Structure formats: C-alpha cells, structure tokens
Amino acid sequence: MENSPSSIPESGSAAMRGQMPLHPPPQQPNRNEKTEANSLPAVAPKDPSYMLQISTPSSLGPNRSGANEGANAKVAIPRQRSNVAPRYSRRVPRACETCRARKTKCSGDTPICRQCKELRVTCRYPVSWREKTKGQLDILSVKTQDYENLLREIGSVVDTRTSERIKSMLDKYAVENTNSHESSSNDPQSSVTPQDEEMEQDEPPSSPSSIGSLDAIDRVEEDLNRTESSRATGYMGKNSELTWMQRLRREAEQRVQKQSGASETKPEGEFALHAVNYHLDDMDITVPGPVQVYWMPPRHVADQLFEDYLTTVHPFFPIISRTLFSAQYRTFFESAARPGDKWLAILNMIFAIASKHAHLTQAPWRGDERDHLVYLTRARILSMNGDTLFNHPDLQQVQVEGLIAFYLLASDQINRAWRIASLAVRSGIALGINMKNSSETTPSISKEARYKVWWCLYTFEHMLGIMTGRSTCILDGVCTTPMPLPFDEGQLREPFAAKLLADQELREAYVGSAMASSYVRQMPLNPPGGRDAQLTDKPRDARWLKSQPASQALCYLFYTDLAVISQEIVNRVYSPDCVNTPWAHIENRIGELRARIDRWYHNLPEVFDFVRKTDDQDQEVLRLKLFLAFHFYSARITLGRPCLCRRDARPRDPSKQPTFSHKMAELSLESARRMLELLPDEPNAIRLYHICPWWCILHYLMQAATVLLLELSFGSIHMPEEEQNFLAVSKKAVRWLYAMSECSAASRRAWQLCDSNLRRIAYGMNYDVSDMPNSVYETRPDQPMSMQPHCPNQPNTNMTSTPMFYNATDDSLLNLNAADRSQGTYQYYQNQPPSTVSHSQMIPNLDLLSSASSNPPGGDAFFPYDPISGEFIRSFFPAAADEEPWTQ
C-alpha cells in the first residue's frame, strides 16, 4: 500500500530540526535606488548562519522532484525592525478638519495631529456618523419623554374625550418608551434634574388623585340623597376623620380576613360613610310640645350657667363683649329692664351651651339632661323664626347665629352646625365686619369687638371645614380684618393698647407682621424648594409678643394665627382642584406650610410652650396651653395625612435618605402620639371636660386614634420600630373614648368604631387586646334616631311666630301676639313656670336606640323615593284620600 502524502513533516526533515525550509535566496535591493512610497527599507541580516542555511542544500522529500526545484523554490523575506522614523504613509481612518481644509495628509494623532502641532493651529476631529446618530437618538429620546410627561399633565385638565385620546396614545407606545427610557438612563450624558430623580425613585403618579388620602378627591362615591342617614351625614371630604375612618374600616376588614393590600369594597352598607359617622346629626333636636319663651331659670342656676360659659368657652370664642354683656346681664336680673328678643336669644344660647357642659362634667347644679334643648328652642323662636330669617341682619343676629352654630357643634350636630355657621358668616360679611373699619363715628373699642366677632366666625368655620372636609364659605382674600390685639377687654383703655387701636400701621408692625400666617395667602402655587423649607426662612420679629404676660386674649391671638395657616392647608392640599396639580407641587406646598407651623410654635411665649414640662402651673394657664396644643397637633396630623398611605409599603434601602412623603407620614404619626401623651394614662372624662376644649375634644382624639390605627393596619410600614408603642397609644385612645362614652352618646359611637377596628386589626396582626374594656355594642338603627319619641297625632307647635305656649285658650299661660311683643309686653319666670307639667315630665328620657322618626323612610310623605331606580315614584301631590276638602 502506497503512502499518501502527509502534511506532517518527517522527523528527519528540516522543519522538524528547527531549520528554515529551502527557498531561493532573496535578491538584495539596491541601497542607492529610491524605494517605493509603500515599501519598507531593506536591512542586512545580522545572523551569519542565515546565508549558510540557504547556501547548503537539503535532502528532498520522497515525493519531491529535483527537476522542479529551481522553478518552485521560494525564499521568505523576514520583516526587519528599523530604527528609521516612519514617513506616515499609512491611511488614517479620520482626518482633522484643519487638514481637510488645507488638503494635506493628516497623521491622525489625538488629541492633536502632527501637522496642526507643527503649525500651532486648533486641531478638531469631526464627529463620526455613528456617534452623531447616537447623540441625535439620545436627544430625541429625552425630548419624547418630556412630551409624554407634558401630555400626562395636560390629560388631567382637558375634557374627557381628549383625555382618553391622550391616554390611549401613551399606552400604545408604553413598551417602546420604557425601553427607550432605560437605554437613555444608562447614558452618562443624559441630564436628569434632582427633582426628577426623586420622582423616579418614589414612583409617584403625575397627579395626586391616587396618592394616600387624596384618592378620588374630586368626586362623590355614594348617593348621599338616598336615605335619611346619608342625608344626615352629608358629604365628607378627604381631610375629615370620618373619611379616614371609612378607609380604616376597609383596611381592618382585610386584616381580619388575613388578606394583604387595600380592600376594594364599595362604600355601601357597613362601609358607607354614614355607617362610620359618630356624630349625632341623625338625632332630632326638637322638644315634644310648646315651650314657654320668656321663662328664665332661677338666679343661682343662671349665675352658674353664665359663669361656666365665661370660664370654659368665652376665652376661645369671644363672640360677645364680656364686659358689656355682663353688665346687661346684672341689669336684667336686678331690675325690671325689658331687653329685646335677640338679646334674650343670646342669653338662652349661653345657657344652652353651659347646660350641655354641665352634664358632661356632672356638675352638682346641673338640671334636667334635656334643658339645653329647651334653651335652644327658646332661642330659635326668638331669633330664628320665619320672619326673622327674612329680615336684614344686625350684629346681634350674627351673634345669635354664631352661638347656635357653636351649640350644635358642642352637641355633635356638625351637619346642622355647618349650615347655620355659613348663615352667620354671610350675615357678618353683609355687615362688613370682615374688613378694616376706618369709620370715624365708630369707637375704637367697638371696632375691636367687631373684629373679634369676625375671627370667631372665621375660626369656627375653619374648624367645621376640618371636621367635615368641605370647602368653607370664606374665600381667599375676602378678609382684611386685622388680627385681634393681645389685650383683654379691661386692658383696651390703657395708653399703649389705645395707641395700637388708633394707629393701624403701628398695630401691623407689632402684631400683624409678627404672625406666622402673615402673607400666607401670597404663597405661590408651587413654592420653590418647598420640601426643604425651614422655619428660619421667613423670620418674624415676635419679641414683643413673646414678652407679653399670659392672658386669654394672647392665647386667642395665637389660636387665630394657627387657624389661618390650617385653613391654607385645606385650600392648598385638600381642595378638589388639587387633582390637577402634580404631586411634586403638592409636596412643595406641604413643606412650606410645615415651615409656617414650625414658625408658629417658635413664636409662642414661653408660658404657652406646651412641650416644656412644668410641675406647678395654674389651671387657667393649663387650659390655654392644652387648647393650643390640641390645635397644633391637629394641624400637623391634617398636613401629613396625605402622605400616610400604602405607596411606601415596599422595602426602603436603609442607606438612602427617606423621601419627603415618608418624613411627612412620620410627622403625622408622631403628632398623633404627642397629642395622646397630653392625657394621663388613667382616663378621667370629667377632668378632661373641665380643662380641655370640651366642644371639640372628641374630634381631636378621633383624629389621633384613626391615624395610629391606620398605621397599624398598614403593618407599621412607615415606622416599624414603633409598632408596639403605636399599639399601646392606640389602646390608650380607645380607653379614653370608653370613659367619655359614659356621658356622651357621640363618644360611645366613636368608641365602638375604634374598638371594633382595633380588634379586627389585632386578629389579623396577632396583637393582644385582652386588656381592653369589654362592653356590649349598641346596634345603630337604620332610620334616624330621635332624642324623644314623636307623637304622630300631636301637631308641632313649638316653632311659632308668637311666643305661644300650649294653646291660645289657656289663660294661665302667656299668650302674646306680634303687636304685643313690639310694645314690650313681657313676663319673665325665674322659677318654675306656671304649668302643672314640669320640663322633666314634658320631655321623656333620652333613648339612643329609638328608631322613631317624624318622616317616613323614603323622605317626605309625598315624595316617595325608590332606592332602586333612584327616582320619585309617586306624584308630588297627596292622594285623594289624604286631601282636605276645598270647602268647609
């Protein structure tokens, strides 16, 4: 078998011995001749064995032919290193712009070529096509992202059809835009502002409609006109604790079912807004039968009521002149003076408010538990009947309406208080008390009294706006009334106080400009750097105010200042038009308002510093400090509540700074805990009603309790290290509500709501609630409750235009017509009225579980409401059987 040719050299061949293969000798070039431009210079070999190898013949392989040796032999010419500098004959990939313009060959050196270096000119290389294309794509990507962000912002302000077109177009290219955004974000040359980086880190939406408690801020999710209960509750906005309680109820239901995330339950049944309403608007406030209009309590009882009002209410609601009204009060009881009906209405409302407080504190001189309703009915007959409502208002009418609204709030009738308060505000605006008074005929002290009347209406309207979440009827810029002076009424005649009363500029320098709320309404819609705002950014010279001694007027001044700031929280953060505002702008507003609140606390006199612990202090000063403290913490809770939501549920990198929203959520929780720390651990409801703002203390406690329970239902995602502390403070709040429920029906409802939600959360989160008080829950009836049962056959004669008691034929009772009243024919009873039936016998006991109602379930008798179709199903006119005959 013949051996085939092999490419593997044999062991005896030259290749295996490390020798060069046999080739013809290379021809040496002539050194004198010029070489070609692209040839390399020849150099003689330094190794002498090279010539020996090529001159010594080697043996040929077996398959090689000796005849073809000379023709096919090749000699490799090795490359030799040269020490001669190259002449740049190579082709460079890119020439500089200068060499291109001079049309000379460029060396291609970077950053400057040889020719430009020798000529000492600027060397600039043009951008390659690939880099130019990549740069253009990056610019287009950034521009497209800006257009998309702009479209998202525009989509929330245009009409529905255009908004849907924008949304569909953005969704169409969502995937491509996401990939493009990721590629551009990896590019170090892409520019992103710090605000955009934080927005990307937090992943917030472009509008706050899906942020925290601002979800669906611009819409109503229930049919509030469907039932009596829903109409009694009415609309509640996002800054109301009732809306927070509704959210808590959904979260607690998820926990008790061992499910994560938020509940998608519709607001119906036990999740409806009226089902979590602890107020008493569904209870009637009338008395069954006529009331003797001009009856007065005995002098010693009247003095107790009047003094209680001046001590606990007047310092924080100075709607009457204490000095003037006290003198009129003494004259009325000590002489045969005959005051007008409106003055008597004011006095009856003072008695009604004090009577309500007396029963909360279990005062030994308290009367019947329905006396406050009798006083209210007298005031309504004297000042709020049909004729009076259609008359033009005066200052006394404004005071009556303001006191009635205050009484309704103290009686937990906030929906009714809301309506009457707006009437009082409009009456005040009609008289111009919301403006500076430069009349020369009006005394300065009278001007100051009118200023205080306006600020009473303003602060009260603000409080109702916080409690209901509704927009107030006091618009921005409608008020130019100067801030009240920090002097009590007895000090207004002193020289310096009189000087401030007469000189508006001096008053503005000492009082107005020192307030933290000064120019708060001039705050821009998007304050630059608002999230980083500090209390020192806008300093105020409050040294004179901080040097003033503690007084009721000084406390009321700082309360008014904080109320203006709190009102801006509602206007800037919770207004329905905020749904069109980017969340970053909302955060800037929140940061700016937080700095204003901190500035307010910094301006407080040392005697009102509620954070500083003092062992020995006067009870009057303690009452003032607690009033400011509750209002301060309530404002901070309201400000931070939009940030307390589930969007922070994802784990946060400990190495990174917490976001602004996270900080504000912590601020809200810390404020709720601080508020509850103002109360002792052992509940004492009577003591609480004595020294705290008893008419709104339930609102403050419900704010704090709801916020803390919400955090527990979220799994303590904002402050996990404080979970056990929040649980303990929440239990404390529930215990206080239980203690308050002994004398207050609204407090009992509030306790049932908080206690039931706490137990649901405890079941899902494995908390121990065995130390909580146990009691049987009261079942709330479907129909509105009434304070006393109505007699269906007895006509309602207590609201008449004349002070008629039982009937016109009863000679033992006072029966005056309008003409007699105008002539001043009065008869007052300071003891038991001339009737065989006492007030206690006329008014049955309070029945919280009574389901009697004066109206049928569907509404008015001749307006039957169909709950399925949502329409009236019968005629507006009564049936034939119910009609009265046309002729007698």
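Over 16 Å, how big is the tail of the calculated P(r) for the stretch 293-360, in percent of all Cα pairs?
Considering the stretch 293-360, 44 percent of its Cα-Cα pairs are separated by more than 16 Å.
Over the Cα atoms of the stretch 264-391, Rg to Rh with Kirkwood Rh, two decimal places?
Over the Cα atoms of the stretch 264-391, Rg/Rh equals 1.07.
Which Rg and Dmax, in Å, describe the Cα atoms of the stretch 129-168?
Spelled out, the Cα radius of gyration and Dmax of the stretch 129-168 are 14.5, 45 Å.
Near Val293, within a Cβ-to-Cβ distance under 9 Å, what is the net charge of the other residues, with Lys and Arg +1 and Asp and Glu -1?
Its environment carries a net charge of 0.
What does the convex hull of the Cα atoms come to per residue for the stretch 543-684, in Å³?
Expressed per residue, the convex hull around the Cα atoms of the stretch 543-684 is 163 Å³.
Taking the stretch 276-475, how much of its Cα-Cα pair set, in percent, is spaced more than 23 angstrom apart?
Counting pairs separated by more than 23 Å, the tail of P(r) holds 44 percent.
Taking a 1.4 Å probe, which of Tyr309, Tyr601 shows the most accessible area, and what order do the others take after it?
Largest to smallest exposure gives the sequence Tyr601, Tyr309.
At q = 0.24 Å⁻¹, what log₁₀ I(q)/I(0) does the stretch 327-368 have when each alpha carbon counts as one equal point scatterer in the Debye sum?
Log10 of I(q)/I(0), two decimals: -0.83.
Once all Cα-Cα distances of the stretch 625-769 are split into 5 Å bins that start at 0, what whole-number percent is in each one?
With a bin width of 5 Å, the distribution comes to 2, 10, 20, 21, 20, 14, 8, 3, 2, 0, 0.
Please compute the net charge surrounding Arg330, taking Lys and Arg as +1 and Asp and Glu as -1 over other residues with Cβ under 11 Å from its Cβ.
-1
Which distance in Å, rounded to a whole number, links the C-alpha centroids of the stretch 699-753 and the stretch 757-772?
12 Å
Please state, as a whole number in µm²/s, the translational diffusion coefficient that the Stokes-Einstein equation yields for the stretch 311-350 at 37 °C and 0.692 mPa s, with Rh defined as the Kirkwood radius across alpha carbon pairs.
Answer from the Stokes-Einstein relation: 299 µm²/s.
Of Tyr700, Tyr763, Tyr738, which has the most accessible area with a 1.4 Å probe, and how do the rest follow in descending order?
Listed by decreasing accessible area, they come as Tyr763, Tyr738, Tyr700.
At 20 °C and 1.002 mPa s, grab the translational diffusion coefficient of the stretch 702-779 from Stokes-Einstein with a Kirkwood Rh over Cα pairs, rounded to a whole number in µm² per second.
169 µm²/s
Highest first, please rank the peptides 568-576, 119-127, 505-513 by the mean number of other Cβ atoms sitting within 10 Å of their residues.
Packing order, densest peptide first, comes out as 568-576, 505-513, 119-127.
The values are calculated or read from the model by the stated rules, or taken from the named source; none is laboratory data. Quick caveat: nothing in here was measured; it's all calculated off a predicted structure. All Cβ positions, even for glycine, are placed from backbone atoms using ideal geometry, and neighbour counts span all protein chains on display. Areas reflect the complete protein model, heavy atoms only, side chains present, ligands, DNA and RNA absent. Shrake-Rupley method; radii C 1.70, N 1.55, O 1.52, S 1.80 Å.
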